[in-house]
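The values are calculated or read from the model by the stated rules, or taken from the named source; none is laboratory data. Treat the numbers as computed from the prediction; the structure is a model and nothing was measured. Because the Cβ atoms are built from the backbone with ideal geometry, glycine has one as well, and the counts that use them run over all protein chains shown. For the accessible areas, the whole protein counts, side chains as well, though only heavy atoms, and no ligand, DNA or RNA atoms are used. Shrake-Rupley method; radii C 1.70, N 1.55, O 1.52, S 1.80 Å.
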There are 2 protein chains.
Amino acid sequence: MAKDKDKKQELIKNPKGTRDWSGEDVDLLEDILAQISRVFRRHGAKKLDTPVFEREEVLKGKYGEDSKLIYDLKDQGGELLSLRYDLTVPFARWLAMNANVKNYKRFAISKVYRRDQPAIAKGRMREFYQCDIDFAGASDAMIADSEVIGIVVEVFESLEWTGRYTIKLNDRRILDGLFEVCGVPEDKIRTISSAVDKLDKSPWEEVKKEMVETKGLDEAVADKIRTYVTRKGGKDLLEELKKDEALMGNAKAKQGIEEMDTLMEYLTAWNALDKISFDLSLARGLDYYTGIIYEVVTEGSAPVIADGAEVAKELHKQGKKEKKVLDEDEDRSNDPSVGIGSVAAGGRYDHLVERFRPNADLPCVGVSFGVDRIFSITKARIAKGEKFTYISSNAPDVYVMAFGGGGFSGMAKERIEITKILLDAGLKVEFTYKKKPKPQVQFKNAETAGAPFAVILGEDEQAKGEVRVKEMGLPDGHPEKEGVLVKIPDLGAEVSRRVEAKKLVPKTENLTVS
Amino acid sequence: MAKDKDKKQELIKNPKGTRDWSGEDVDLLEDILAQISRVFRRHGAKKLDTPVFEREEVLKGKYGEDSKLIYDLKDQGGELLSLRYDLTVPFARWLAMNANVKNYKRFAISKVYRRDQPAIAKGRMREFYQCDIDFAGASDAMIADSEVIGIVVEVFESLEWTGRYTIKLNDRRILDGLFEVCGVPEDKIRTISSAVDKLDKSPWEEVKKEMVETKGLDEAVADKIRTYVTRKGGKDLLEELKKDEALMGNAKAKQGIEEMDTLMEYLTAWNALDKISFDLSLARGLDYYTGIIYEVVTEGSAPVIADGAEVAKELHKQGKKEKKVLDEDEDRSNDPSVGIGSVAAGGRYDHLVERFRPNADLPCVGVSFGVDRIFSITKARIAKGEKFTYISSNAPDVYVMAFGGGGFSGMAKERIEITKILLDAGLKVEFTYKKKPKPQVQFKNAETAGAPFAVILGEDEQAKGEVRVKEMGLPDGHPEKEGVLVKIPDLGAEVSRRVEAKKLVPKTENLTVS
């Protein structure tokens, strides 16, 4: 019997590393997604919505050693399928299928799937939202690239994050060029690049040790790399590099540096230059980048919110037993100074579409926003009382009720008729699903739902074609404390007017953090 | 070599029975989803977004013989998972997990997965959207139920489908009661119910044959059933049944009939009574319904649009070789008189949550909209020139360009600056990613993007702090054919004003059907 009960308990949970989005969380999430997609649309991006799974071959060989994190579907006959790992590869597959598309600005908002060890506190989930914008097609140097960075700034401005983030910026060509100049052998460039990428969470000595001891790099070469990759700045750093004859003698680095100069000019025009940090240690994990790369980090350590009782329990259970992190690209959160890790990242990838269609010649540049992390930080920010402008609210505008004495019918049909009138005026309306509800029950329901107004039916008023409109929570003594009588034909317009007027009063409530 | 090329071709397709939503299709889909969720929110529903997969046990034993259509994930260690089959069971799982929830109005918009034989022309896909609203918690008889039907009417009104659909309505209690009255043995009720449910696509004789020959029902009993299940109507049919002493002598049927009377009273208040057809042949496939059931069918056979080249090819390949339909519940499309099949369906299910949490006592009623089918019919309707009010448009509001003579710099940075000014005014803006684009290229790009306005930079105007604002496509001789000069500080406001004014002119273009 006890065993049977345990079995029932077992059933009712969501899969590990996933969450249900509900209540205030889903509203805030929707607000964030709406803000981001509004920015994307302003820049001319069109939505693309691809299936949650792809044919196995489409994903195969695109993610390096992270391929082991891909979820496969069971072979139940027919095609072998895998859940999407990101939104970039499905976009490249779509571009390859649509050979007539020569230019495309696409955005996508979808969940992606990684069979990683979940670490809720680090914002690492198995199912999480990504929100991407990518420009496919020719662009003269850095024009489209600069627009993507302009979009990053606009997105975080729209989320009122001003001053809370930095866009780390580098270029694969500068990085590869400086490795060549320092004397890194051709075949070690990618692996040394990966080591350098760890400088945001490890001290130089550790990274050097990896280069020299694990990866067999000459110590003098490593020391020379240090003189570059510990540098970050803005135009000043760029000016220094331009005077570096060794570096400017390398064709790749020279092109990267010159285009970085162009980029910074354009970033001034996008009013984005002060948000960037030109950071020679930024390398990014994925192989397919071919030019500019960037990653958005939050400044200071943002408190992390564990969402929902289930994930909190999960976290507790895991304790310190977490296995070694597989997804290096996502794991920038060990160092408290970078808080929850990167909240957006991307770059230029000019040859990915060619993996699906040879000679496709569709250079791309884009950025992916990590919406779950942006949500957690925004929620924590609101909990601390920081400013956030809500777009949406779930509360009804008005609650319809009916009062009466002995022998009162409950006026269920009449409440529906009044509800319908208010709905047709575009208002959000609720009422109590009881035939004869008590007044105090209806008031309590209205309060619980958060309705700012009530429309109250009574048999006497009804006979005169009137109902009572009452603002909830008015203080005693207020002239309209008992509400005002309104003729039913005027009801929709009158309640709409009052709801609109009330919306103009600034909202002060904060999200409750559970 | 040829083989290698074939292999490349093989790679670039989306999985069978799925589609990519892009271009005008995704805009129309988003408009439909926005309209539906706006209606849901007006009725106080809150969004719930659950994971795409559930633990295998959660789905097991919930869908009868359709369980074989569930997609399972490969066992890669850890939990055994399956893709969601609908949105109802995940909602019930969530309710069971959140024992504090006694009342909830939830809506959900998500894709669901069925490993069925795809039949694009019938709107049967392996991945498709559902859009559900469900009310959990106590309601006096038919109050919440009537609101769900009110919502169905509002949804189709918001989609401008007036007069194109019928809500078929029945009650499981009436149906079960009449089977008892006719003499159907207890253990045959569900199977005879399933046979009756086929009356919308098969003639009576065939259904009778199934009852008598396959299911062993007494012929006289079948003939008696016929006298009921061939009847449909409205209040008239209800009045007839109320006079049927045999039926009113059955407790279940009596309760169903009396509550149907209450329902019709409330439906009058919702202004929904004329949309329903009380249809004694409606039975619905799923076992878990306990009261009212409904299904929305389109009137006349709506032309069906195959979406995308890939699915068209798929369709062609399949030809007549389609295997027997497994998902009876979804397959109402053989009879041309019901067109694409049901576009929404639902009912009351008072005991599903108890499957996950005994004694949960959370009665539910809800409806699920088949968005892919609604999309196909709406698209066909627009193609025929019928009215549809677009909410959104992908076209930019304004295209920024620069013209100049020999030695012209291209003004890339200046174009970005002007773009940024217009974006900050909330406008949708695009420009050409060329350093020195030719005027005709920029004009062509503006036209292709569908921008109604251009802002044109020139070096002389720039020197005076001005740009030219030009409405695209004005006829020769129009006083503003060459555009008007605007001071840069006034630009955002001036272009916004013109864009708004232009939006007031009714849109006449139709979606191109590809």
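Across the range B:170-278, the mean sequence separation of Cα contacts (distance under 8 Å, 6 or more residues apart), normalised by length, yields a relative contact order of 38 percent. The distance separating the Cα centre of the range A:258-291 from that of the range A:124-168 comes to 12 Å. Per residue of peptide A:51-64, the mean number of Cβ atoms on other chains within 10 Å of the residue Cβ is 4.
Remark: label point of A:G64 defined 7 Å out from Cα along the Cα-Cβ vector; separations to the same position in other copies 5.2 nm, ascending. Each of B:E157, A:E186 has its accessible area taken with a 1.4 Å probe; listed largest first, they run A:E186, B:E157. Computed 3J(HN,Hα) for the range B:110-115, one whole-Hz value per residue from the Karplus formula 6.51 cos²θ - 1.76 cosθ + 1.60 where θ = phi - 60°, is 7, 7, 10, 10, 9, 7, glycine and proline marked x. Here the 3J(HN,Hα) profile of the range A:47-59, calculated from phi with Karplus coefficients 6.51, -1.76 and 1.60 at θ = phi - 60°, is 6, 10, 10, 9, x, 5, 10, 10, 4, 3, 4, 5, 8 Hz, Gly and Pro shown as x. Taking every DSSP helix (H) stretch of at least 4 residues in the protein assembly as shown, weighting each as -39,500 (n - 2.57) and dividing the sum by the residue count yields a mean residue ellipticity at 222 nm of -11000 deg cm²/dmol.
Rolling a 1.4 Å probe across the protein heavy atoms gives the protein assembly as shown an accessible surface of 40 Å² per residue.
For A:H43, the accessible area of its heavy atoms, probed at 1.4 Å with every protein chain present, is near 0 square angstrom. Take B:L237, push a point 7 Å out from Cα through the beta-carbon direction, and compare it with the same point in every other copy: 7.4 nm, smallest first. For the protein assembly as shown, a simple Cβ point-charge model (Lys and Arg +1, Asp and Glu -1, everything else neutral) yields a dipole of about 680 debye relative to the Cα centre.
Helix B:309-318 and the longest principal axis of the Cα set of chain B meet at an angle near 30°. Note on B:K502: accessible area is roughly 80 Å² with a 1.4 Å probe, heavy atoms of protein only. In percent, rounded to a whole number, the relative contact order of chain A is 15, using alpha-carbon pairs under 8 Å and six or more apart. If R0 equals 25 Å, the separation of the Cβ atoms of B:K436 and B:M472 corresponds to a calculated FRET efficiency of about 0.70. Helix B:251-269 axis versus longest C-alpha principal axis of chain B: approximately 30°, rounded to the nearest ten.
My understanding is that a pair violates if its Cα-Cα distance is over 21 Å; which of B:K434/B:K481; B:K198/B:K254; B:K420/B:K487; A:K13/A:K62; B:K444/B:K470 do that in this structure? From the list (B:K434/B:K481; B:K198/B:K254; B:K420/B:K487; A:K13/A:K62; B:K444/B:K470), the Cα-Cα distance tops 21 Å for B:K434/B:K481; B:K198/B:K254; A:K13/A:K62.
For the set B:K436, B:K428, solvent exposure ranked by accessible area (probe 1.4 Å, protein chains only) runs largest to smallest as B:K436, B:K428.
Note that the range A:410-419 has calculated 3J(HN,Hα) couplings of x, 6, 4, 5, 5, 4, 5, 4, 5, 4 Hz, one per residue in order, obtained from phi through the Karplus relation 6.51 cos²θ - 1.76 cosθ + 1.60 (θ = phi - 60°); glycine and proline are x.
Kindly provide the Kirkwood hydrodynamic radius of chain A in Å, to one decimal, from all pairs of distinct alpha carbon atoms.
Kirkwood hydrodynamic radius for chain A: 26.5 Å.
Mind running the shape call on the range A:392-489? Use the C-alpha gyration tensor, a ≥ b ≥ c as the square roots of the eigenvalues: rounded below 1.5 for a/c, prolate if a/b tops b/c, oblate otherwise. Judged from the Cα gyration tensor, the range A:392-489 comes out rounded (a/c under 1.5).
Can you tell me how the range B:357-403 classifies by the Cα gyration tensor, rounded, prolate or oblate, using a/c under 1.5 as the rounded cut? Note, shape of the range B:357-403 comes out oblate. For the pair A:K60 and B:E386, a Förster radius of 35 Å applied to the C-beta separation gives a FRET efficiency near 0.15, rounded to the nearest 0.05.
Across the protein chains, with a 1.4 Å probe defining accessible surface, the residues A:Y104, B:Y85 rank A:Y104, B:Y85 from largest area downward.
The calculated FRET efficiency for B:E482 paired with B:T448, based on their beta-carbon distance and R0 = 22 Å, is about 0.50.
Sorted from nearest, the other copies put their A:N359 label points 7.4 nm away, the label point being 7 Å from Cα in the direction of Cβ.
Rounded to the nearest 10 square angstrom, A:R231 shows an accessible area of 60 square angstrom against a 1.4 Å probe.
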